[in-house]
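These notes concern the structure reproduced below.
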Amino acid sequence: MSGDSVPPVLADSVWPAVPSGALVLVPVGSTEQHGPHLPLDTDTVVACAVARRTADTLAGGPQGPPLVAPAVSFGASGEHAGFPGTVSIGHEALHAVLVELTRSLSLWAGRIAFVNGHGGNTATLDRALAQLRAEGHDAAWTACEVPGGDAHAGRTETSLLLHLAPGRVRLAAAVAGDTRPLAALLPELTARGVRAVSPSGVLGDPAGASAAEGRRATAAMVAATVRRVTAWTPDTRGRLTDPDRSAATRTPPTSPTAAKGAHQ
């Protein structure tokens, strides 16, 4: 993110400088395989970039600059357990982390928005944020989503990383995986995990990926996140809705890393 201005980062602050009632953005990612060419923290890189650029955009708002919390870098990634390097804490542990983080942040923060980069976390975010809102916490979540993108470690995520962290992309090692639509893959993914469907771990095809495409996708994700956070209209699951969408299309589409199953 060279050239970006630096928004307030919670980890860099000292306690007297932390404003009471601030909006806190919490990136949520994963540590899981992303094919032979993308780093294990791809989802976390994307979530952090979207959160930080959203904070930068909102810095001049009437409520003051948001704070970006340290990322939750382990998620529910059991569907990728067949690959060395994957570290999954499962749905129950992730749920507990989200709940306790929000309860702690709520002691001094105003609103808390989780910015999610891993589709496998979706069900847990829905459940945790519904519970937290029922407890009275002003918390919600939003996804880093690229409508029409492929499922996992394909052109979409490769383009994003070519923009966000080009030195960490091993493009010469990129291979095509199973390119069927996610809806067609889900039954087998749910039953047997990603490795049974794609030995390389790729769901999609990285061919044609570019930094320019990643730049456009990142800008679109940030713009959508800014709209949702500004409007602050969570649905019953705690998902922030997009005011630019019609009522019929407000459920967030699949995120770039949505290869998810029932595995822990």
Among the residues of region 173-190 satisfying the criterion of being open to solvent by 40 Å² or more (accessible area, probe 1.4 Å) and without any contact (Cβ under 8 Å) to a residue 60 or more places away in the chain, which is nearest to V45 (Cα to Cα)? A176
Within region 191-230, work out how many residues are touching a residue at least 24 places away in the same chain (Cβ under 8 Å), among the polar types (S, T, N, Q) and open to solvent by less than 60 Å² (accessible area, probe 1.4 Å). 4
Going through region 49-97 in order, the residues found to be without any contact (Cβ under 8 Å) to a residue 60 or more places away in the chain and part of a helix (DSSP H, G or I) are R52, A55, D56, A93, L94, H95, A96, V97
Residues to consider are A76, A128, A113; find the one that is under 21 Å from L164 (Cβ atoms) and of a type in the set (A, V, I, L, M). A113
Based on what the data block shows, is T158 in a strand (DSSP E or B), under 17 Å from the mean Cα position of the chain (by Cα) and hydroxyl-bearing (S, T, Y)? no
Flag if A11 is more than 27 Å from A211 (Cβ to Cβ) and either in contact with a Leu (Cβ under 7 Å, 6 or more places away or on another chain) or surrounded by 24 or more Cβ atoms within 10 Å (Cβ to Cβ) (or both): no
Go through region 107-130 and give me each residue that's open to solvent by 30 Å² or more (accessible area, probe 1.4 Å) and under 15 Å from the mean Cα position of the chain (by Cα). A123
P66 fails exactly one of the following numbered conditions: (1) buried (at least 24 other Cβ atoms within 10 Å of the Cβ); (2) under 20 Å from G119 (Cβ atoms); (3) of a type outside the set (G, A, S). What is the number of that condition? (2)
Take G149 and decide whether it is open to solvent by 20 Å² or more (accessible area, probe 1.4 Å) and at pLDDT below 95. yes
Taking A113 as the residue in question, decide whether it is more than 18 Å from G78 (Cα to Cα), of a type in the set (A, V, I, L, M) and at pLDDT 95 or above. yes
Within region 161-172, can you find the residues that are in a loop (DSSP other than H, G, I, E, B) and either open to solvent by less than 50 Å² (accessible area, probe 1.4 Å) or within 27 Å of L240 (Cα to Cα) (or both)? A165, V169
Quick check, is R133 farther than 26 Å from R195 by Cα, over 16 Å from the mean Cα position of the chain (by Cα) and either of a type in the set (K, R) or open to solvent by 60 Å² or more (accessible area, probe 1.4 Å) (or both)? yes
Output for Cβ contacts, cut-off 8 Å, separation at least six or different chains, first residue assigned to a strand (DSSP E or B) in region 126-145, second open to solvent by 50 Å² or more (accessible area, probe 1.4 Å), reads A139/R111; A139/R133; A140/R111; A140/R133
V87 being under 21 Å from G201 (Cβ atoms), surrounded by fewer than 20 Cβ atoms within 10 Å (Cβ to Cβ) and out of contact with any Pro (no Cβ under 9 Å at 6 or more places or on another chain): yes
So, of the residues in region 231-245 that are without any contact (Cβ under 8 Å) to a residue 60 or more places away in the chain and among the hydroxyl-bearing types (S, T, Y), which turns out to be farthest from A139 (Cα to Cα)? T241
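The values are calculated or read from the model by the stated rules, or taken from the named source; none is laboratory data. Keep in mind the model is a prediction, meaning the values are calculated, not measured. Glycine gets a Cβ as well: all are built from the backbone with ideal geometry, and neighbour counts include every protein chain shown. Surface accessibility is based on the protein's heavy atoms, side chains included, excluding ligands, DNA and RNA. Shrake-Rupley method; radii C 1.70, N 1.55, O 1.52, S 1.80 Å.
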